[in-house]
Amino acid sequence: MGPGLIHVADDSSFACEGVSHMRGVILEAINRGKRAVLGLSGGSTPRAIYEALGQENLDWSKVWVFLVDDRYINADDPKSNQFLLRSTLLKHAPIPESQIIFPDTTLPYEECIRSYEVQLRSLLKNPADLVTLGLGDDGHIASLFPPVPDEAFGDRVVIGTETEQFDVKQRISVTIPVLQAAHETIFFLKGEAKKKTWKEMMTSKEGPNRWPGKALKNPTVIAQ
């Protein structure tokens with residue numbers, strides 16, 4: 001299926017592998033640079049991983065987190081990735097609020113995007129230590145939906161995107177260069193459909209505008 005594939009058989013193994021890899025990256029980053037910066041994806045797939053990771057004995061005072069993407073909805077909406085993280089990882093891990101960088105979806109849409117861009121430019125003066133990603137059935141990563149617009153490959157850090165596939169159409173997403181720059185990338189894939197999509201991406205001759213995941217080199221893939 002591609003570089004760094006780890007195939008697991010059940011939910012427990014999936015969560016354990018995810019936690020083990022994320023914990024290792026966090027510890028290495030703290031040892032290397034005195035802090036760990038994590039860009040996290042949402043959705044249902046990493047829920048158990050984030051829940052368990054938050055209960056690990058780590059120096060959370062040295063961890064910063066941001067979202068690779070979110071839906072433009074209230075932060076307390078269950079469909080929000082902010083809601084996911086606050087009800088799993090951040091429910092347990094005592095990360096200082098000043099080190100939790102999320103888009104402010106109370107702002108008008110364009111202002112929300114600009115504000116998040118300013119925050120992430122400041123945070124990512126050095127690249128993220130880890131980004132986690134899923135893979136949509138259409139091949140999208142973060143909220144970069146095919147055909148991925150050219151601005152997603154440019155010098156922006158954050159862009160707004162829209163999709164007709166889901167009920168929340170307006171999205172906020174980091175760009176491909178942010179994801180490419182990360183020291184480590186982990187894809188979490190669950191179910192035969194996701195594995196089939198990954199295989200299709202890896203064997204396709206089409207490039208990152210169709211398959212944005214192909215722009216990322218040597219990710220770790222944890223698949224169940």
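The values are calculated or read from the model by the stated rules, or taken from the named source; none is laboratory data. None of these values were measured; they are calculated from a predicted model. Glycine gets a Cβ as well: all are built from the backbone with ideal geometry, and neighbour counts include every protein chain shown.
Within the stretch 146-157, take every residue that is in contact with a strand residue (DSSP E or B) (Cβ under 8 Å, 6 or more places away or on another chain) and surrounded by fewer than 23 Cβ atoms within 10 Å (Cβ to Cβ) and give me the one that is nearest to Pro103 (Cα to Cα).
So, considering only residues that are in contact with a strand residue (DSSP E or B) (Cβ under 8 Å, 6 or more places away or on another chain) and surrounded by fewer than 23 Cβ atoms within 10 Å (Cβ to Cβ), the one nearest to Pro103 (Cα to Cα) is Val157.
Checking the conditions here, which among Lys217, Lys195 is surrounded by fewer than 19 Cβ atoms within 10 Å (Cβ to Cβ), modelled with pLDDT under 95 and either closer than 18 Å to Gly18 by Cβ or among the aromatic types (Phe, Trp, Tyr) (or both)?
Numbers: Lys217 fails: either closer than 18 Å to Gly18 by Cβ or among the aromatic types (Phe, Trp, Tyr) (or both).
Exactly one of Lys217, Lys195 is surrounded by fewer than 19 Cβ atoms within 10 Å (Cβ to Cβ), modelled with pLDDT under 95 and either closer than 18 Å to Gly18 by Cβ or among the aromatic types (Phe, Trp, Tyr) (or both), namely Lys195.
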Any hit, the stretch 192-206, residues being closer than 20 Å to Leu67 by Cβ and within 18 Å of the chain's Cα centre (by Cα): no
Complete set of residues in the stretch 1-23 that are under 19 Å from the mean Cα position of the chain (by Cα) and outside any loop (DSSP other than H, G, I, E, B): Leu5, Ile6, Phe14, Ala15, Cys16, Glu17, Gly18, Val19, Ser20, His21, Met22, Arg23
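Could you tell me whether any residue of the stretch 120-136 is of a type in the set (Asp, Glu), under 15 Å from Val63 (Cα atoms) and either modelled with pLDDT under 95 or touching a His at 6+ places or on another chain (Cβ under 9 Å) (or both)? Please lay out each step first, then the result.
Taking the stretch 120-136 and keeping what is of a type in the set (Asp, Glu), we get 129.
Going one step further and asking which of them are under 15 Å from Val63 (Cα atoms), we end up with 129.
Those left that are additionally either modelled with pLDDT under 95 or touching a His at 6+ places or on another chain (Cβ under 9 Å) (or both): 129.
Scanning the stretch 120-136, I find at least one residue that is of a type in the set (Asp, Glu), under 15 Å from Val63 (Cα atoms) and either modelled with pLDDT under 95 or touching a His at 6+ places or on another chain (Cβ under 9 Å) (or both), so the answer is yes.
Kindly provide the set of residues from the stretch 48-87 that are of a type in the set (Ser, Thr, Tyr) and within 22 Å of Val174 (Cα to Cα), ordered by number. Walk me through it before giving the result.
So in the stretch 48-87, the residues of a type in the set (Ser, Thr, Tyr) come out as 50, 61, 72, 80, 87.
Scanning the stretch 48-87 gives Tyr50, Tyr72, Ser80.
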The stretch 162-175 - residue that is in contact (Cβ under 8 Å) with a residue 24 or more places away in the chain and among the β-branched types (Val, Ile, Thr) and, of those, surrounded by the fewest Cβ atoms within 10 Å (Cβ to Cβ): Val168
Unmet criterion (only one of (1) more than 22 Å from Leu189 (Cβ to Cβ); (2) in a helix (DSSP H, G or I); (3) touching a residue at least 40 places away in the same chain (Cβ under 8 Å); (4) aliphatic (A, V, I, L, M)) for Leu90: (3)
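Go through the stretch 24-75 and tell me which strands (runs of 3 or more DSSP E), entirely inside it, have 2 or more residues that are aliphatic (A, V, I, L, M), surrounded by 21 or more Cβ atoms within 10 Å (Cβ to Cβ) and without any contact (Cβ under 8 Å) to a residue 60 or more places away in the chain.
Details: elements: 36-40, 63-67, 69-71.
Ranges flagged: 63-67.
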Of residues in the stretch 100-145 being touching a residue at least 40 places away in the same chain (Cβ under 8 Å) and among the aromatic types (Phe, Trp, Tyr), the one surrounded by the fewest Cβ atoms within 10 Å (Cβ to Cβ): Tyr109
Tally of residues being touching a strand residue (DSSP E or B) at 6+ places or on another chain (Cβ under 8 Å) and either under 17 Å from Leu130 (Cα atoms) or assigned to a helix (DSSP H, G or I) (or both) across the stretch 76-87: 3
